[in-house]
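The values are calculated or read from the model by the stated rules, or taken from the named source; none is laboratory data. Everything numeric in this text was worked out from a predicted model, so none of it was measured. Every residue, glycine among them, receives a Cβ derived from its backbone with ideal geometry; neighbour counts consider all protein chains shown. The area values use the complete protein model at the heavy-atom level, side chains included, leaving out ligands, DNA and RNA. Shrake-Rupley method; radii C 1.70, N 1.55, O 1.52, S 1.80 Å.
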Amino acid sequence: MSSNRVVKISVRNLVEFVLRSGDLVSAFTGSSRMVDGGKIHRKIQQAQGPEYEPEVSLAIVVERPGVTLHIGGRADGVIVIKDETGNTQVTVDEIKSTTAELEIIEEDDNPLHWAQAKCYAYIYAVQHNLAEIHVQVSYCQAVTLQMKTFNQSCSVEELTQFFEHLINQYVMWAKLVGEWIEVRDEAAQQLQFPFADFRQGQRQLAVAVYKALSTGRKLCAQAPTGTGKTIATIFPAVKAMGMGQVEKIFFLTAKTVTRQLAEEVFDRLRKNGLRFKTVTLTAKEKICFMPEAACTPDECPYAKGYYDRIGPALKASWQLEAFTREAIEQQAREHQICPFEFTLDLALWADAVICDYNYVFDPSVYLKRFFQDNYSEYCLLVDEAHNLVDRARDMFSAEISKHDFLAIKKDVSSKLPRLAKAAGKINTFLLQTGKLCVEKPAVGQPDCWVTQEAPDGIFPLLRNFSGLAEKWLANNEPAEFRETLLELYFKVYAFLRTGEMYDERYVTYAEKLEKDVRLKLFCVNPSELLRQVLARGRGAVFFSATLTPLDYFFEMLGGEEGDGKIAIASPFSPENLGLLVADTISTTYKMRDKTYEVVVESITAAIGARTGNYMVFLPSYRYMEEVVRRFCLRNPAVKVIRQVSGMAEEHRTDFLRHFSVENKETLVGFAVLGGIFGEGIDLTGERLVGAVVVGVGLPQVCLEREIIRNWFTNNNRQGFEYAYVYPGMNKVLQAVGRVIRTENDRGLILLIDDRFSQARYKRLFPDEWYRAVSVKTVDSIADKAGQFW
């Protein structure tokens, strides 16, 4: 048996890596580049006869000195036809969707398409002892679904020569990868936990993570602030990789600060002996060197000749292990290549990819190079997973508006009359839909129309518009309306794609907004779609300090039988947290005008017991402004800062910089509950000694929240809890979690709202809140706060 190091690569990635050359061209090329293609492929496959076998998994092992290659993927179709004499003809079919007119497509237009098909044909021929096999590339026009096929008969000798050439071009890189994997795995196997001891609950979490990843299961883990969740998930994932149970780690998060925390954990493990390549994906608009230029070789020098320079750039970067944004930008400038595309190419070689949720879950932008072929076994570590439910709803939903189509109709009417006519028909459809908002409004929601049914009548209109727009956009002609049309095309594409996913977990709604009408396909329950995404990998861990209640998040994040869930106890002494609950004050919208003064008095009493830095979290900006105004009148000597809407990164940093251990006087920072300062910030020790949370955090009553409530109520769930209570209490728990960050921290918390005494909220209190004290008056707040300190 070979002792070579095994390197796995998909047929698609092999072909692209070896054969790409020339410029990076990101000009519009239509849905042949963008479309997932799944539905088009399925339509074509279903239309074939019984001799057509769709989605055939193929894999081959190739031995070379020092390395063993495992190459595989899925052929779109294999056609086996026997004639009357008993002879068999086999054809391997590669399907490509295109927006171009079929008559202009020539056989040799795209060598990569043929290369992929020939690889599959070679594997099939070798494994079935065929001397000859047919290779077919089928182009499907995305709008008309008409087909144009090209067919070549290839001998196995020809295919062998072609395949061997690919392997010979790749084998140098494969040896580098193989040698690296050996070094990495040995280091991972020898790696020790980088601290003398595990914190309370940390070992329990790490063991549960390792078990989930090694068995290919999902795990929902709630671990309170201070558990050390990041290292307790990354460390066992690295150990699992060292044992060959995981091929790549995706660390997913929604915030820059938690991406940086993951980078720091990997750096700490490297200092402890780990050899590990990590890459952090930064959004294209943030990392682009020439944001004003088009992504074409004519305008961007980093796109021109990209594929001719990427090989030397990868080779020069090979010795690095931490591909942070700064490291990537430095290498990209040195080699004059696009930093974003360079990041994606580096990700192929990385052991861990640190990125936003959307690179895995969003159907518009997910990394097809990793997840489309379903070949490798990747694990997902999903940080701050309480955010994923609503993020998933957004990613799996889509909307269009009447205004956009009316505007584009006017813009293109003289130059593109057929497109203008298509836009006009959609405008008319949406106008009629707007009438339904008036004639058949949803209960309690005037000017809104809601239905469980998909708006099937609009899809043909959108497909026609999309097809006409694609034809013009693909020519890359300049025009004043080009960017507007391109943006609308993407919206239409997203709407059509979402329409393909539409099922009983969706609701369609329309809103009439003055002269505009908004139509949305709203994913109410994203659990099944998340489950489908998770099936692309081997195992997944969802972790957060606030997956409360755990059963709810387990359901909503796609948990199923055999998956795990775990709640870790707080590692800190309950005595370090002074929790007061002012449960006689109503902060509901109707009562706010009557309770402003008592809220301000309560805040004043809480901060008056000890000099220090405090944060006050309030339900909205408007409410905050009034409370701040009254608080400053009552406490003119107290330094006050407050969050403002749309704060830039530098202003957020300045806000947090005020929370200094050097402060000699009390500081009170006012912020919106559930906002940018309500989670993900780390103010340890004297930087933050207390917090006041006003309200139970309920999302504002709106159409979507009411749709969520009604949908889950009708499906035998607690609709009000799912729509309002659970998301609201998550904000409260996150805000409270800002105070106790380490085992040495002590802090005071004041919760203000009479609803905190209700059972539906109290049962969501963490176990460590058992010492909570009910305070009925402002004087008792001051008294109990003084006793705590």
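Right, Leu367: in contact (Cβ under 8 Å) with a residue 12 or more places away in the chain, out of contact with any His (no Cβ under 8 Å at 6 or more places or on another chain), open to solvent by less than 30 Å² (accessible area, probe 1.4 Å) and closer than 26 Å to Ala59 by Cα or not?
yes
Could you look through segment 627-658, keep only residues that are assigned to a strand (DSSP E or B) and within 15 Å of Ala691 (Cα to Cα), and pick out the one that is most open to solvent (accessible area, probe 1.4 Å)?
Arg642
What pairs come up if the first residue lies in segment 531-544 and is open to solvent by 20 Å² or more (accessible area, probe 1.4 Å), the second is at pLDDT below 90, and their beta carbons are under 6 Å apart, counting only those six or more places apart or on different chains?
Arg536/Phe371; Arg536/Asn374; Arg538/Glu377
Of all residues being under 21 Å from Pro766 (Cα atoms) and at pLDDT 95 or above in segment 207-228, which is most open to solvent (accessible area, probe 1.4 Å)? Just the residue, please.
The qualifying residue most open to solvent (accessible area, probe 1.4 Å) is Gln222.
Starting from segment 347-358, keep only residues that are farther than 16 Å from Ala174 by Cβ and part of a helix (DSSP H, G or I), then list their pairs with residues that are open to solvent by less than 10 Å² (accessible area, probe 1.4 Å) and at pLDDT 95 or above whose Cβ atoms are within a distance under 6 Å, requiring at least 6 positions of separation or different chains.
Going by the 6 Å Cβ cut-off, the qualifying pairs are Ala347/Val279; Ala347/Val353.
Those residues that are among the acidic types (Asp, Glu) and open to solvent by less than 30 Å² (accessible area, probe 1.4 Å), I need them from segment 662-705; list them, please. If you could, list the steps in order and put the result at the bottom.
If we filter segment 662-705 for residues that are among the acidic types (Asp, Glu), which is where we start, we get 662, 665, 679, 682, 686, 704.
Once the filter is applied, which keeps residues that are among the acidic types (Asp, Glu) and open to solvent by less than 30 Å² (accessible area, probe 1.4 Å), segment 662-705 yields only Glu679.
Being of a type in the set (Asp, Glu) and over 29 Å from the mean Cα position of the chain (by Cα) is the filter here, so list the residues in segment 458-494 that pass it.
Correct list: Glu477, Glu480.
Hey, among Glu504, Glu511, Glu528, which residue is open to solvent by 10 Å² or more (accessible area, probe 1.4 Å), in contact with a Cys (Cβ under 8 Å, 6 or more places away or on another chain), farther than 30 Å from Tyr770 by Cα and acidic (Asp, Glu)?
Sole residue among the options that is open to solvent by 10 Å² or more (accessible area, probe 1.4 Å), in contact with a Cys (Cβ under 8 Å, 6 or more places away or on another chain), farther than 30 Å from Tyr770 by Cα and acidic (Asp, Glu): Glu511.
Test each condition in (1) in contact with a helix residue (DSSP H, G or I) (Cβ under 6 Å, 6 or more places away or on another chain); (2) within 23 Å of Ile9 (Cβ to Cβ); (3) outside any loop (DSSP other than H, G, I, E, B) for Arg275 and report the one that comes out false.
Here Arg275 clears every test but (3).
Are there any helices (runs of 4 or more DSSP H) wholly within segment 278-342 with 1 or more residues that are over 22 Å from Ala174 (Cα atoms) and within 26 Å of the chain's Cα centre (by Cα), and if so which?
Those helices (runs of 4 or more DSSP H) span 284-287, 325-335.
Test of understanding: among Ile167, Ile181, which residue is touching a residue at least 60 places away in the same chain (Cβ under 8 Å), over 27 Å from Asp108 (Cα atoms) and open to solvent by less than 30 Å² (accessible area, probe 1.4 Å)?
Ile181
Please indicate, with yes or no, whether at least one residue in segment 508-524 is without any contact (Cβ under 8 Å) to a residue 24 or more places away in the chain, over 25 Å from Val246 (Cβ atoms) and among the acidic types (Asp, Glu).
Kept after step one, since they are without any contact (Cβ under 8 Å) to a residue 24 or more places away in the chain, are these residues of segment 508-524: 514.
Right, trim to over 25 Å from Val246 (Cβ atoms) and you get 514.
Within this subset, residues satisfying the condition of being among the acidic types (Asp, Glu) are 514.
The answer is yes, given that some residue of segment 508-524 is without any contact (Cβ under 8 Å) to a residue 24 or more places away in the chain, over 25 Å from Val246 (Cβ atoms) and among the acidic types (Asp, Glu).
Please go through segment 617-626 and pick out each residue that is open to solvent by less than 10 Å² (accessible area, probe 1.4 Å), part of a helix (DSSP H, G or I) and of a type outside the set (Phe, Trp, Tyr).
Residue satisfying the conditions is Met624 alone.
Can you give me the number of residues within segment 405-457 that are within 24 Å of Glu500 (Cβ to Cβ), of a type in the set (Ser, Thr, Tyr) and not in a helix (DSSP H, G or I)?
Number of matching residues: 1.
Filter segment 545-560 down to the residues that are of a type in the set (A, V, I, L, M) and open to solvent by 10 Å² or more (accessible area, probe 1.4 Å), then identify the one that is modelled with the highest pLDDT.
Leu550
Could you pull out the residue among Thr98, Thr160 that is at pLDDT 90 or above, surrounded by 13 or more Cβ atoms within 10 Å (Cβ to Cβ), of a type in the set (Val, Ile, Thr) and within 22 Å of Arg20 (Cα to Cα)?
Thr160
Condition first: open to solvent by 10 Å² or more (accessible area, probe 1.4 Å), in a strand (DSSP E or B) and basic (Lys, Arg). Can you find one or more residues in segment 562-574 that meet it?
Within segment 562-574, one or more residues are open to solvent by 10 Å² or more (accessible area, probe 1.4 Å), in a strand (DSSP E or B) and basic (Lys, Arg).
Would you please name the residue that is surrounded by the most Cβ atoms within 10 Å (Cβ to Cβ), looking only at residues in segment 190-205 that are assigned to a helix (DSSP H, G or I) and under 30 Å from the mean Cα position of the chain (by Cα)?
Leu205
Of the residues that sit in segment 382-432 and are β-branched (Val, Ile, Thr) and open to solvent by less than 20 Å² (accessible area, probe 1.4 Å), which one is farthest from Ala254 (Cα to Cα)?
It comes out as Val412.
Looking at this structure, is Gln136 part of a strand (DSSP E or B) and open to solvent by 60 Å² or more (accessible area, probe 1.4 Å)?
So Gln136 fails the test.
If Val80 passes every condition in (1) open to solvent by 40 Å² or more (accessible area, probe 1.4 Å); (2) in a strand (DSSP E or B); (3) hydrophobic (A, V, I, L, M, F, W, C); (4) touching a helix residue (DSSP H, G or I) at 6+ places or on another chain (Cβ under 6 Å) but one, which one does it miss?
(4)
So in segment 470-519, with the set limited to residues that are among the acidic types (Asp, Glu) and in contact with a helix residue (DSSP H, G or I) (Cβ under 6 Å, 6 or more places away or on another chain), which one is nearest to Tyr366 (Cα to Cα)?
The selected residue is Glu500.
Can you tell me which residue is nearest to Val389 (Cα to Cα) among those in segment 728-783 that are of a type in the set (Lys, Arg) and crowded, with 18+ Cβ neighbours inside 10 Å? So that I can check it myself, show each step before the final result.
Looking only at segment 728-783, we keep the residues that are of a type in the set (Lys, Arg), and these are 731, 738, 741, 746, 755, 760, 762-763, 771, 776.
So of that shortlist, the ones also crowded, with 18+ Cβ neighbours inside 10 Å come out as 731, 738, 741, 746, 755.
Working: Lys731: 14, Arg738: 22, Arg741: 25, Arg746: 32, Arg755: 25 Å.
The qualifying residue nearest to Val389 (Cα to Cα) is Lys731.
Going through segment 27-53 one residue at a time, which ones are modelled with pLDDT under 90, open to solvent by 40 Å² or more (accessible area, probe 1.4 Å) and not β-branched (Val, Ile, Thr)?
Residues satisfying the conditions are Ser32, Arg33, Asp36, Lys39, Arg42, Lys43, Gln46, Ala47, Gln48, Pro50, Glu51.
Does Asn710 fit the bill of being open to solvent by 10 Å² or more (accessible area, probe 1.4 Å) and either in a strand (DSSP E or B) or modelled with pLDDT of 95 or more (or both)?
Taking the combined requirement at face value, the residue satisfies it.
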